[in-house]
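The structure appears right after this line, and notes come after that.
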Amino acid sequence: MENIVKAGIFGVCIGDALGVPVEFKKREDLKKIPVTGYLEFMSWNQPKGTWSDDSSLTLCIADELTKGYNLEKIGQSFVKWNKYGHWTAHGRLFDIGGTTRHSIARLIKGESAKFSGNIFEEDNGNGSLMRTLPLAFYLKDEENIEKLYQTIKEVSAITHGHFRSVFACFIYVIFAIELIKGKKRKEAYFHIQKVAVEYSEIQGFNPKEIELFYRILKDDISTYPEEEIKSSGYVLHSLEASLWCFLNSETYAEAVLKAVNLGEDTDTTGAITGGIAGIYYGFENIPEEWISELVRKEDIEALCEKLQKKLIA
Ligand SMILES: [Mg+2]
């Protein structure tokens, strides 16, 4: 498991940075001129290798986990990001989702991170899924599924407290844990399908909500044609798209480029795909050029090494 944290975290940041310049672009336009590497400026007017909120909040969580798990401190690191540009690529943030903004505003007013998140159905953007990967490193040896679920839930709910967002994070994290353990990806996928369905039955989760995860949990999402895979900012679309891209690719680069070229929420689909693809294919499989041109790569590397030491070896 050498470099596993680096593989996952760089996986997120690079997927994000590949997507930032083309965020909001339509799939049909990207079909004509597909992204094949870092671009610059365009959608957000940012230089090459710039990552966005997805990576910032992932790095905030990773950084807090190097000091031990503390929900309130994770919440406060989001505040520091929002107010002072903590863990931003160039010292200030240039993008923030609505649900995240509202929830952080509550934290700023003094609300506990336990109660800061939005909880309604319309609060199911991909804003907690995009930053949940570091929990896989923290929870990889947790055998109590209830503890696992509750931890993923409370971290999601700092901003995204609705069941759908929480459950999407849960599926993603338990999948990432299986990949960390070295399972083959199809084996890992079928395993988490079983675990998630069983757990939802034991817990008596709302069947209407579970039904929405049908294509992921009861069917095989990788077998759907591309035109049935959506890549908006909706959490369910992002989870489906990232699993689909990952399960239908043979390298890190192929997976993240496939994700970005789906269009729309390109940086987040790239980030979410990049996390699992990085873990699965390993740090060595990430193109060197993308690593060397990633903004703040030394800081990210130092953080990953610290987290690796704390949680893995
Ligand atoms: Mg973003």
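Taking 0.36 nm per intervening residue step and subtracting the Cα-Cα distance, what contour gain separates Glu72 from Ile202 on full extension?
Details: separation 130, 0.36 × 130 = 46.80 nm, distance 2.94 nm.
Result: 43.9 nm gained on full extension.
What's the Cα-based Rg to Rh of region 234-292, Rh via Kirkwood? If you can, show how the numbers build up before the last one.
Working: Rg = 10.6 Å, Rh = 11.1 Å.
Using Cα coordinates only, the ratio equals 0.96.
Distances between every pair of Cα atoms in the chain, grouped in 10 Å steps from 0 to the bin holding the largest one, split as 6, 31, 39, 21, 2 percent. Give me the aspartates and glutamates in straight-line cross-link reach of Lys73: C-alpha distance below 17 Å, same-chain residues under 8 apart excluded. Counting by Cα, and skipping residues close in sequence, Lys73 has these aspartates and glutamates nearby: Asp63, Glu64, Glu111, Glu154. Normalised per residue, the accessible area of the chain is 41 Å², obtained with a 1.4 Å probe and no contribution from ligands, DNA or RNA. Among the listed pairs Lys186/Lys208; Lys153/Lys181; Lys26/Lys153; Lys48/Lys140, those with a Cα-Cα distance over 30 Å are Lys26/Lys153; Lys48/Lys140. Projecting the Cα atoms of Ala62, Phe10, Pro34 onto the dipole axis of region 1-158, where Lys and Arg carry +1 and Asp and Glu carry -1 at the beta carbon, places Pro34 farthest toward the positive end.
Estimated translational diffusion coefficient (Stokes-Einstein, Kirkwood radius over Cα pairs, 10 °C, 1.306 mPa s) of region 201-313: 101 µm² per second.
The eigenvalues of the Cα gyration tensor, multiplied by 5 and square-rooted, give region 1-117 an equivalent ellipsoid with semi-axes of 28, 18, 12 Å from largest to smallest. Evaluated over the Cα positions of region 176-237, the convex hull gives a direction-averaged projected area, one quarter of its surface, of 5.0 nm². The H on the amide N of Gly125, modeled in the peptide plane, is under 5 Å from the matching H of Val235, each at least 5 residues off or on a different chain.
Based on DSSP H runs of at least 4 residues, each adding -39500 (n - 2.57), what is the mean residue ellipticity at 222 nm of the chain after dividing by all its residues, to the nearest 500 deg cm²/dmol?
That comes out to -18000 deg cm²/dmol.
What share of all Cα pairs of region 39-84, in percent, falls into each consecutive 5 Å distance bin? Taking every Cα pair in region 39-84, the percentages come to 6, 20, 23, 18, 14, 9, 7, 3.
I'd like to know which of Ala277, Ser242, Phe78 lies farthest towards the positive end of the charge dipole of the chain, counting +1 on Cβ of Lys and Arg and -1 on Cβ of Asp and Glu. Checked the options; the winner is Phe78.
Evaluate 2.2 N^0.38 Å with N set to the residue count of region 37-188, then give the Cα radius of gyration divided by it. Before the final figure, lay out each step's value.
Numbers: Rg = 15.6 Å, N = 152, 2.2 N^0.38 = 14.8 Å.
Region 37-188 yields a ratio of 1.05.
Computed from point charges on the beta carbon alone (+1 for Lys and Arg, -1 for Asp and Glu), the dipole magnitude for region 47-191 about its Cα centre is near 320 Debye. Each Lys and Arg Cβ is given +1 and each Asp and Glu Cβ -1; about its Cα centre, region 130-285 then shows a dipole of about 220 debye.
Report, to the nearest whole %, how much of the accessible area of region 26-185 belongs to carbon and sulfur atoms, 1.4 Å probe, protein only. Provide the component values of the computation, followed by the final result.
On the way: 3420 of 6670 Å².
The computed percentage sits at 51.
Among the GluC sites (Glu not before Pro) in region 241-283, those located in a DSSP loop and surrounded by at most 11 other Cβ atoms within 10 Å of their own Cβ are Glu250.
The values are calculated or read from the model by the stated rules, or taken from the named source; none is laboratory data. Note that the structure is a prediction, hence the values are computed from the model and not measured. Reconstructed Cβ throughout: ideal geometry from the backbone, glycine too, with neighbour counts over all protein chains shown. For the accessible areas, the whole protein counts, side chains as well, though only heavy atoms, and no ligand, DNA or RNA atoms are used. Shrake-Rupley method; radii C 1.70, N 1.55, O 1.52, S 1.80 Å.
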